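*Asks:* One structure coming up, written as structure tokens, with questions to follow.
Bear in mind that the values in this text are calculations on the coordinates, not laboratory data. Keep in mind it's a predicted model, so treat the numbers as computed, not measured. Don't worry about glycine lacking a Cβ; one is built from the backbone with ideal geometry, like all the others, and counts go over all protein chains shown.
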Amino acid sequence: MAQYLLSVYQPVGPAPAPEILEPIMQDLEALNREMKAAGVWVFAAGLHPTDTATVVRQQGTGVLITDGPFAETKEHLGGFTVIEAEDLDAALGWAGKLSRATTLPIEVRPVQH
């Protein structure tokens, strides 16, 4: 079985109102339970807002440290799930379920070992 990273991209801005967010979080929890029951779930996490990010990059003989996200965009990585799946088609099936649960785009990438 291969591992796949399912990256959740969300718009920059405040969190949705509770009446919108709560059903999404319930759907996400239900999907996480389904993934665990199917034996594909490895790890998942949400991320703090982009203003908490720090970028570290090599510059000359030292490092440059800057506040904020790596790239200023309209969407950012808001969280991720790592799964184990038979193949890309199976991973895409789980990503479709994750997109429906979160109402957000999901990027699927195989994990390189």
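*Asks:* In percent, what relative contact order does segment 28-112 have, based on Cα pairs under 8 Å that are 6 or more apart in sequence?
*Replies:* 30 percent
*Asks:* Hey, any idea what the orientation-averaged projected area of the convex hull of segment 46-109's Cα atoms comes to, in nm²?
*Replies:* That works out to 6.1 nm².
*Asks:* How big is the charge dipole of segment 17-80 about its Cα centre, in debye rounded to the nearest 20, if each Lys and Arg gets +1 on its Cβ and each Asp and Glu gets -1 on its Cβ?
*Replies:* 360 debye
*Asks:* Rounded to a whole number of µm²/s, how large is the Stokes-Einstein D of the chain at 4 °C and 1.567 mPa s, given Rh as the Kirkwood radius over C-alpha pairs?
*Replies:* Approximately 83 µm²/s, per Stokes-Einstein.
*Asks:* Moving on to the next point. Using θ = phi - 60° and the Karplus curve 6.51 cos²θ - 1.76 cosθ + 1.60, what whole-Hz ³J(HN,Hα) does each residue of segment 8-14 get, with Gly and Pro shown as x?
*Replies:* 3J(HN,Hα) across segment 8-14, in whole Hz: 9, 9, 10, x, 5, x, x.
*Asks:* How large is ³J(HN,Hα) for each residue in segment 19-24, as worked out from phi by the Karplus curve 6.51 cos²θ - 1.76 cosθ + 1.60 (θ = phi - 60°), to whole Hz, x for Gly and Pro?
*Replies:* 5, 8, 6, 4, x, 5
*Asks:* In terms of modelled amide H atoms, which long-range or inter-chain residues lie less than 5 Å from the amide H of Ala44?
*Replies:* Val82
*Asks:* How big is the dipole moment of the chain about its Cα centre under a simple scheme where the beta carbon of each Lys and Arg is +1, that of each Asp and Glu is -1, and everything else is neutral? Debye, nearest 20, please.
*Replies:* 180 debye
*Asks:* Can I ask one more? Could you work out how much longer the chain between Ile65 and Ala17 gets when fully extended? Use 0.36 nm per residue separation minus the Cα distance between them, nm to one decimal.
*Replies:* Here the segment from Ile65 to Ala17 would lengthen by 13.9 nm.
*Asks:* Now for a different question. Taking H placed 1.01 Å from N in the peptide plane, check which residues at least 5 places from His76 or on another chain put their amide H under 5 Å from its amide H.
*Replies:* Counting only residues 5 or more places away or on other chains, the set is Gln10, Val12.
*Asks:* With the dipole of segment 65-113 worked out from charges on the C-beta (+1 for Lys and Arg, -1 for Asp and Glu) around the Cα centre, which of His76, His113, Thr66 lies farthest toward the positive end?
*Replies:* His76
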